Each structure stands twice: as structure tokens, then as C-alpha cells.
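Participant: Here it is, the structure in full.
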Amino acid sequence: MRTAPARRVRPDTAEQILDVAERLVQMRGFNDFSYADVSAELGITKASLHHHFRTKAELGRRLIERYHRRFAEALAVIDRGGAGAPAKLREYVALYADVLRRDRLCLCGMLAADFDTLPRPMKLRIRGFFDENERWLAGVLEEGVRSGSIRLRGSARDAARMVVGALEGAMLLARSYGDAARFDAAADQLLAELVG
């Protein structure tokens, strides 16, 4: 007896869904994209989307987790490079600049704009992303203060919060003007204030 051919399932469908959803959130925000947008772009049914991500909230949570993991990996690469604090700060800024040059914004920055409308699990993960960035930056800034290459007027923690806020805001303004050079100028000024 002949069996029916096995249905070919692409094992990377969930990743493809996350890729498209991430780009849509980074360009439009979480509340301005739907499963229909993703299914149309990938040529799959909405039922297939629901098979991988039962709800949009689950999809959002997984987007943040993946973005957070990838960002943490990028920070680990910076740390392994063995450069001093000023170089680490420049590499950190470059992570934001690279996203902006692809005509996107930081995923968690975009989600923060929709914060009040998001489910609690997403809110907690957004905060976790920013908390980890601030901890990493505070460590870099403290390292720089110890070596004499960074100057701070307040605590490293407060300076780290300022850096994250300034970069997120600079991205938004640069995008609203369609001018990445605005981000570069703001980032350069920010670094000049910190690097001694």
C-alpha cells in the first residue's frame, strides 16, 4: 500500500514569522500590525500563524525574548573584544545606529511607546531588556571611571539611564526627520560628554 507523501513542513516557519513581525513592530509599532499582515507577506494562512503563536501577545513576548537574547549576545561580543570603556560605548551606540540605518527603531523602544496597551508579560520583558542594558552600561561606565577614561557627574546607574534614554530618543527624532545624521550628531555629543 502506498502512503501519501509527507507534507513538507518548513522548520524555520516560526523564525520567519518572528522576522516579519519584528520588522513590522520596528517600523509601525505593535498595535499597527496584524496576523493578516504577516500571513500575507509569508504566504501562509493565519491558522498556521496561530499554530506557532496562539495569540498576538504570545508572539509579542517571543519577539522581545529573541530581541533581548540577541542584544545580550551583541553586548557579550563587545565585552569579549577587550576594548576600554570609551570603545565599548562607541560599539554600543553602533548597535542602535545599525538598526536605524535599516529604517527601523529599537524593538523595545517601539513597544515602550505602546506600553499601556500591552499585556503584563510583555511589559515585564520590555523592562527586563532596558534593565539589562542599564546594568551593562553602568558596568562599562564604572570601568571607565576607574581607568580615568570616563567622567561622570552622578552615579553610573543614572548615567546609564541617560544613555539609553538619549539613544532611544535620538532614534525617534532622526527617523521623524528621515535623517540618520541627526542620530549620529546626538550620539557623538553624548559620547563627548562622557569620555574624558
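Participant: Relative to the longest principal Cα axis of the chain, at what angle does helix 156-177 sit, 0 to 90 degrees, rounded to 10?
Facilitator: Orientation of helix 156-177: about 60 degrees from the principal axis.
Participant: So for the pair residue 102, residue 131, with labels modelled 7 Å out along Cα→Cβ, what separation do we get in nm?
Facilitator: Result: 2.7 nm between the two label points.
Participant: On to the next question. Ordered by residue, what ³J(HN,Hα) values in Hz, to whole numbers, does the range 37-48 give under the Karplus form 6.51 cos²θ - 1.76 cosθ + 1.60, where θ = phi - 60° and Gly and Pro are x?
Facilitator: 4, 5, 5, 5, 5, 8, x, 10, 7, 5, 4, 5
Participant: Sticking with this one: Going toward the positive end of the dipole of the chain, with +1 on Lys and Arg Cβ and -1 on Asp and Glu Cβ, which of 52, 84, 20 do you reach last?
Facilitator: 52
Participant: Here's a follow-up. Defining a contact as two alpha carbons under 8 Å apart and six or more residues distant in sequence, what relative contact order in percent does the chain show? Can you show the working numbers first?
Facilitator: Details: 167 pairs, mean separation 41.8, N = 196.
After rounding, I find 21 percent.
Participant: Now, a different point. On a 0 to 90 degree scale, rounded to 10, what angle separates helix 120-147 from the longest Cα axis of the chain?
Facilitator: Here the helix axis deviates by roughly 30 degrees.
Participant: Each residue of the range 95-110 in order: what ³J(HN,Hα) in whole Hz does its phi give by Karplus 6.51 cos²θ - 1.76 cosθ + 1.60, θ = phi - 60°, with x for Gly and Pro?
Facilitator: 4, 5, 4, 5, 5, 4, 5, 8, 6, 10, 10, 3, 4, 6, x, 5
Participant: Could you state the angle between the C-alpha long axis of helix 180-194 and the longest principal axis of the C-alpha atoms of the chain, as a value from 0 to 90 degrees rounded to the nearest 10?
Facilitator: 40
Participant: Across the chain, where is the longest run that never hits trypsin sites (Lys or Arg not before Pro) in a DSSP loop with at most 12 other C-beta atoms within 10 Å? Don't jump to the answer; show the numbers that get you there.
Facilitator: On the way: sites that count: 2, 7, 8, 54, 102, 153.
My reading of the result: 103-152 is the longest stretch.
Participant: How large is log10 I(q)/I(0) at q = 0.10, 0.11, 0.12 Å⁻¹ when the Debye formula is applied to the Cα atoms of the chain, each weighted equally and without solvent?
Facilitator: Treating every Cα as an identical point scatterer, log10 I(q)/I(0) equals -0.48, -0.57, -0.66.
Participant: Give the distance, in whole Å, between the Cα centre of the range 96-110 and the Cα centre of the range 32-74.
Facilitator: First find each Cα centre; the distance between them is then 18 Å.
Since every read-out is calculated from the coordinates, none of them should be taken as a lab result. A quick note: this is a predicted structure, and the numbers were derived from the prediction, not measured. Cβ sites come from the backbone with ideal geometry, for glycine too, and all protein chains shown count toward neighbours.
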